[in-house]
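A quick write-up on the structure given underneath.
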Amino acid sequence: MPLVRISLKKGKPAAWRRAIADSVYDAMIETFNVPKDDRFILIHEHDGDDFTYSPDYLGIQRTDDLILIQLTVSNTRGVEQKQQLYRGIVERLVKAPGLRPEDVFINLVEVLPENWSFGNGVAQYVT
Amino acid sequence: MPLVRISLKKGKPAAWRRAIADSVYDAMIETFNVPKDDRFILIHEHDGDDFTYSPDYLGIQRTDDLILIQLTVSNTRGVEQKQQLYRGIVERLVKAPGLRPEDVFINLVEVLPENWSFGNGVAQYVT
Amino acid sequence: MPLVRISLKKGKPAAWRRAIADSVYDAMIETFNVPKDDRFILIHEHDGDDFTYSPDYLGIQRTDDLILIQLTVSNTRGVEQKQQLYRGIVERLVKAPGLRPEDVFINLVEVLPENWSFGNGVAQYVT
C-alpha cells in the first residue's frame, strides 16, 4: 500500500533510477511489513532549477545526488518501525545504486487503511 | 478543495489525459460533496523507468494504462462516502477515456479544513 | 522540515521559478518557525493539458500563472500560524516574481515529527 514518490535531479541513467526504486521496495518489504508485490513507486525527475535543497541542514552534507522519498502509508506502525524503515532504505541505497547516506531524505505521510483502492473501485482494506 | 495528482506513463494523447481529469472531477462532484468548480487536478507523466507498479498485487491484473490517483481532501467524510468515491471514479473512467477498472489506483490524503488557501493568502474554510 | 511541492504550467523561465522557491522559503522562515537552511523545495512543471484548475472557484479569478503549493509539515502549529503562513507566502510572491494574489493556491499536509529523516537513515526529530 505504500505509494512512493521519489524526486531527484534530472540526468541519472535509467539503471540508476531502477536501482533506487528496487532498493526502496526491498527495504519496505524487509522492515515495514509491506506485503510482497505491493509496489507502486513513482520517480519525478526535476530540472536543476526546480530542485532546490539545503546542502547542510542539520549538519548533513548533501550533494546533487540527493533523493527525496515521500511514502504515503497506512497509519499502522510506531516510531521504532519507522526508524527501522529509514535505516533499511539507506542501507539498501548505499549498496545500490551507491548513494551516500547523507543524500537520502525520507518523509512519511500516514493515512487510514480505508483510504486506499488498489483497483476495481473497491476499498480493499475495509473489511 | 481536493488537490488531485494523477500519475501515468508518458505517451497518452492530450485527449486521453483530459478525459481522465474530467471523469475524476465529475465523480468527485457526484459522490464526494465537492462543490461545482472546485477543480484543481494535476497530471504527472512519467518515463517508463520512473513508473513501476505491481502487475498483480491483491490479484488485480494491471497494465501500462494504470493511473495512480492521489487526492488530498478535507477530513470530513466517512468510510461509506469514500467507497462511493472509489466506485464513482472507476465507473466514470471506464466510460471515458475507457480505462479498465483494474487500472485505477486511488489514495486519499486527509487534512484539516484550515489547511487550505484558495487564493489571496486567506484560509477560506476558517470561519 | 517542510517538503514543498510547487506545481505550475510549463513555460516560465528559470529565474521566475527560482524566485518562487525563494519567496516560499523566506515566508516559511518568517512566519512558520522553520529553521534557517531547512529548505527542500521541488517544482513540477506541467504541460497545459496536465494542469487544470478552476478559473473562479470561491469567486477568485485565476490565470495560467497559477501556482499550487503543497507543503508537508510537522503537525505543530495552530490555525493562526497557518493563516500567517498563507499571508506571508502571498505577500512575498507578489513582490517576487510578481504573482497576483489570486494565483496562489496553498495546501498543508501535516505529519508527526517522527515521520522525517533528513539523511543518514536517522529520524532526527525523535529524541
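Being among the aliphatic types (A, V, I, L, M), within 14 Å of chain A (Cβ to nearest Cβ), in contact with a Leu (Cβ under 9 Å, 6 or more places away or on another chain) and under 17 Å from C:Val94 (Cβ atoms), is that true of even one residue in the stretch C:33-47? Checking the stretch C:33-47: not a single residue is among the aliphatic types (A, V, I, L, M), within 14 Å of chain A (Cβ to nearest Cβ), in contact with a Leu (Cβ under 9 Å, 6 or more places away or on another chain) and under 17 Å from C:Val94 (Cβ atoms).
Taken together, the criteria place B:Pro113 among residues that are more than 15 Å from B:Val4 (Cα to Cα), touching a strand residue (DSSP E or B) at 6+ places or on another chain (Cβ under 6 Å) and not hydroxyl-bearing (Ser, Thr, Tyr). Taking the stretch C:60-97 as the range and being in contact with a Lys or Arg (Cβ under 7 Å, 6 or more places away or on another chain) and either closer than 30 Å to A:Val111 by Cα or at the interface with another protein chain (Cβ under 8 Å from one of its Cβ atoms) (or both) as the test, only C:Gln70 passes. Consider B:Asn107 carefully, then state whether it is under 22 Å from C:Glu110 (Cα atoms) and either in contact with a helix residue (DSSP H, G or I) (Cβ under 9 Å, 6 or more places away or on another chain) or modelled with pLDDT of 95 or more (or both). Taking the combined requirement at face value, the residue satisfies it. Would a scan of the stretch C:94-112 turn up a residue that is under 30 Å from B:Leu8 (Cβ atoms), over 14 Å from the mean Cα position of the chain (by Cα) and small (Gly, Ala, Ser)? Within the stretch C:94-112, none of the residues are under 30 Å from B:Leu8 (Cβ atoms), over 14 Å from the mean Cα position of the chain (by Cα) and small (Gly, Ala, Ser). Residues that are more than 24 Å from C:Thr127 (Cβ to Cβ), buried (at least 19 other Cβ atoms within 10 Å of the Cβ) and in contact with a strand residue (DSSP E or B) (Cβ under 6 Å, 6 or more places away or on another chain) do not occur anywhere in the stretch A:98-109.
Let's see how each residue does on (1) crowded, with 22+ Cβ neighbours inside 10 Å; (2) within 17 Å of B:Tyr53 (Cα to Cα); (3) of a type in the set (Lys, Arg):
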| residue | (1), (2), (3) |
| --- | --- |
| A:Ala15 | no, yes, no |
| A:Ala19 | no, yes, no |
| A:Ala27 | yes, yes, no |
| A:Pro35 | no, yes, no |
| A:Ile41 | yes, yes, no |
| A:Gly48 | no, no, no |
| A:Phe51 | no, no, no |
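For A:Tyr57, are the conditions met, namely being closer than 30 Å to C:Lys12 by Cβ and within 9 Å of another protein chain (Cβ to nearest Cβ)?
On the way: closer than 30 Å to C:Lys12 by Cβ: yes; within 9 Å of another protein chain (Cβ to nearest Cβ): yes.
Taking the combined requirement at face value, the residue satisfies it.
The values are calculated or read from the model by the stated rules, or taken from the named source; none is laboratory data. Computed from a prediction, not measured in an experiment: that's the story for all the values here. Glycine gets a Cβ as well: all are built from the backbone with ideal geometry, and neighbour counts include every protein chain shown.
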